[in-house]
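Structure first, then comments.
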Amino acid sequence: MKKKIVALTGAGISAESGLATFRGSDGLWEGHRIEDVATPEGWAKNPKLVLEFYNQRRGAARATEPNAGHLALAALEQDFDVVIVTQNVDDLHERAGSSHVIHLHGQLFESRSSYFEQLVYPMESDRIELGDLCEKGHQLRPNIVWFGEAVPLMERAVEEAATADVFLVVGTSLQVYPAAGLVDYVRPGTPIYIIDPSRPPVSARPDLHFITEPATTGVPKVAAELMRAES
């Protein structure tokens, strides 16, 4: 049976492909207040603004390509059972070839009913407009988990983290909860590799390995090390 690698990825890995991280140093996301474009309150106040914001995000995502970090994670599937738990809403992991991706915060290229959460649809175009309705007649919205909303796939992610043989943390500051708490579910004795130019705050444990590099260089380095250990 193949060993299981679970990788928690964040905005840093997408940023290396050219996608803006969701919150800049000025607290804004692409010039907008987070409260205006990424909360239920922002949606209730100005749904047209929110729809256009995510329409633009889809265009930006289409213009990018997976980077060496994404590709190295996908290549690990040759020797390991790999599960990607990502905080990112883009599809770069899938485009790189990863086959088991859990999107904690939703998916940019899906829409869902603004009333019936279970009615989720693949996007046929890169735009959702006011007046685009679900099958029950309610406005469609991005299938994104906004601030203040529950994270429906968190329980599944916890189960994956708790059964990992190796746990990777890639391009995340470990400051956005509940995703950041996944590290706490990794079994004692399981190696954890933190791949990030900075050192995110993590409780000290003997199995921690810090690779203070970007994903594009750090992930291929760790992947090669893991593959060598298996050969």
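Things to note:
- Within the range 176-229, the set of residues being in contact with a strand residue (DSSP E or B) (Cβ under 7 Å, 6 or more places away or on another chain), over 25 Å from Met154 (Cα atoms) and open to solvent by less than 50 Å² (accessible area, probe 1.4 Å) comprises Ile211, Glu213, Gly218, Val222, Leu226.
- Those residues of the range 189-231 which are in a strand (DSSP E or B) and closer than 16 Å to Ala161 by Cα, in sequence order: Ile192, Tyr193, Ile194, Leu208
- Some residue of the range 137-154 being touching a helix residue (DSSP H, G or I) at 6+ places or on another chain (Cβ under 8 Å) and of a type in the set (Lys, Arg): yes
One line per residue, one yes/no per condition, for (1) within 17 Å of the chain's Cα centre (by Cα); (2) open to solvent by 60 Å² or more (accessible area, probe 1.4 Å):
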| position | (1), (2) |
| --- | --- |
| Ile102 | yes, no |
| Arg112 | no, no |
| Glu117 | no, yes |
| Pro122 | no, yes |
| Arg127 | no, yes |
| Gly131 | no, no |
| Val145 | yes, no |
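- Selection count where residues are among the β-branched types (Val, Ile, Thr) and either open to solvent by 10 Å² or more (accessible area, probe 1.4 Å) or without any contact (Cβ under 8 Å) to a residue 24 or more places away in the chain (or both), scope the range 40-63: 0
- For Thr163, the conditions (1) more than 18 Å from the chain's Cα centre (by Cα); (2) open to solvent by less than 20 Å² (accessible area, probe 1.4 Å) are fulfilled apart from (2).
The values are calculated or read from the model by the stated rules, or taken from the named source; none is laboratory data. Remember, it's a predicted structure, so these values are computed and weren't measured experimentally. Every residue, glycine as well, gets a Cβ built from its backbone with ideal geometry; the counts of neighbours run over all protein chains shown. These accessible areas exclude ligands, DNA and RNA; they are computed on the full protein's heavy atoms, side chains included. Shrake-Rupley method; radii C 1.70, N 1.55, O 1.52, S 1.80 Å.
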